Amino acid sequence: MAKITEPSERIYFFTPFCILRNSTNRIFDMRMCDAFAGAGTKTTMIFPYFYMKENLKRDDIFKSYDCKNTFGIRIQWTPLTSKTPDLLRTLILLIAFSISTLRLIIGNTGRLRKVVVISREVIPLLPIIFMKKIFGSLMPVKIVIQLHELKKSRLHRWAYRQSTGLMPNVPIAKTILHERDSIPNEKMLVMNAPMVDFIPTDCSKQQAREKIGYKSNAPLVVYTGKVGKGISELDYILEAAAMLPQYHFIFTGGKDHVVKFFREYCEGRKISNTTFTGFFNEVSIVRYYQLAADVLVSYYNTRDHLVDFNYPQKIQEYLSTGNAIVTPDFSATREVINEGNSFIVEPDDPNALAKGISEAIENKELANIKGAAAIQSSKKITYDSKVAEFLDFFKKLS
């Protein structure tokens, strides 16, 4: 990525997630910081420590997330675990980010006007929002909230109005914020969930299959989303797998006890054409599964998600492989996903999903046409192509 001439901002990314485990939201936050650093902007990620059995070592963070650049990493040491009650967790996060906010202010005395503080959640930003509210022009820090979903609570709506800028993930969220909360359009920039440009490091489908050890002649269907109990997206895909025994389905991710649960579930239902890989410490490994696939499935549904706002990051990664994509048509992804680059199927219907997967595999000519179009779509929405737009947006905020 070419560095932007004399970037003026000093970016602090307040993430509420402990990045010592590389799940989807953490990957997005790390790659956003990677893009800012690649553009020559001084960037620091600040995150709370959570004790987790699978925690990464600090020295392995950048490798695990496949970052191309280095940037500041600051850990807030907390007693949090995955079992900490929500109310206590919120209190601890408020204390931790209050301390980080004071440290940020002291460390940037005299140059606060150049500081941009970003977060995907309101809680980490509340201390600095309150300080800015109290001290006014003496606190010229810019506060930007990334909106991966739109919250309706009074606290969230108040925080949206108090922020310097908002980065909604999809256009409809921007429209609602403008009409519902009277937020000026110039205060908002739609993100459209950018992705990493994988093209320079990608390999062929055959090479990817060798890397993941896939030797079967059966067509390969891959899902690289969240793997957990109670995720109805998985129920639909497994029902489709039961209808399509001639294809092999691979699911990446999931903790050991979750993988055990799904393996036993499939065994009990006599679904013998599935593989659950478990969790990978390095996100680059997941990429090989995406490249190895004949079909990539994203099946967000109306029961688990606000489908008007939920923009799955894996959609962007899927597009860049050139492999066939099977997914429903939801308004959140409509700017990017269409009949020209994907196989569109009805939501909440395993029969429609199975039919779409079968068509994508059996109609190879159409799959190749859509795959070529998908690659072209993906080039417009990489972090590298959008970071200049983000930084320009920060400069114009007041």
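Taking the alpha-carbon distance from residue 270 and a cut-off under 21 Å, which lysines remain once sequence neighbours fewer than 8 residues away in the same chain are dropped?
Reachable lysines: 229, 260, 355.
First select every other residue whose beta carbon is under 10 angstrom from the beta carbon of residue 287; then total the charges, Lys and Arg +1, Asp and Glu -1. Each step should come with its number before you reach the end.
Details: positive: 211; negative: 66, 202, 282, 317.
Net charge in that neighbourhood comes out at -3.
How do the peptides 101-111, 35-45, 385-395, 332-342 rank, highest first, by the average count of neighbouring beta carbon atoms within 10 Å per residue? Show your work: numbers first, answer last.
Values: 101-111: 13.5, 35-45: 22.3, 385-395: 17.5, 332-342: 19.0.
Averaged packing, sorted descending, gives the order 35-45, 332-342, 385-395, 101-111.
Restricting things to Cα coordinates, could you compute the convex hull volume per residue of region 56-142 in Å³?
Numbers: hull volume 11.3 nm³, N = 87.
Dividing the Cα hull volume of region 56-142 by its residues yields 129 Å³.
Please compute P(r) over all alpha-carbon pairs of region 199-381, binned at 10 Å starting from zero, and give each bin as a whole-number percent.
Going out from 0 Å in 10 Å bins, region 199-381 shows 10, 40, 40, 10, 0 percent.
Where the Cα atoms of region 212-295 are projected onto their three principal axes, how long is each span, largest first, in whole Å?
Ordered largest first, region 212-295 gives principal extents of 31, 28, 19 Å.
Report, in listed order, any pair from 174/380; 226/380; 42/255; 114/386; 53/205 with a Cα-Cα distance greater than 27 Å. Could you put the intermediate results ahead of the total?
Values: 174/380 20 Å; 226/380 25 Å; 42/255 35 Å; 114/386 20 Å; 53/205 33 Å.
Where the Cα-Cα span goes over 27 Å, the pairs concerned are 42/255; 53/205.
Compute the Cα gyration tensor for region 320-361, then decide on rounded, prolate or oblate, letting a ≥ b ≥ c be the square roots of its eigenvalues: rounded whenever a/c is under 1.5, prolate when a/b is larger than b/c in the other cases, and oblate in all that remain. Could you put the intermediate results ahead of the total?
On the way: a/c = 2.53, a/b = 1.16, b/c = 2.18.
Oblate, since a/c reaches 1.5 and b/c is not below a/b.
Kirkwood Rh, Cα Rg: Rg to Rh for the chain? Could the numbers behind the result be given before it?
Details: Rg = 21.5 Å, Rh = 22.1 Å.
So for the chain, dividing Rg by the Kirkwood Rh gives 0.97.
In percent, what relative contact order does the chain have, based on Cα pairs under 8 Å that are 6 or more apart in sequence? Please list the in-between numbers first.
Values: 710 pairs, mean separation 61.7, N = 398.
With pairs under 8 Å counted, the relative contact order is 16 percent.
Using unit Cβ charges (K, R positive; D, E negative) and no other charged atoms, how large, in debye to the nearest 20, is the dipole of the chain about its Cα centre? Numbers along the way, then the final one.
On the way: 53 positive and 40 negative charges, 365 e Å.
The dipole magnitude comes to about 1760 debye.
Laboratory data are not the source of any read-out in this text; all were calculated from the coordinates shown. This is a predicted model, so every value here is computed, not measured. Methodologically, a virtual Cβ is constructed for each residue, glycine included, from the backbone with ideal geometry; neighbour enumeration extends over all protein chains shown.
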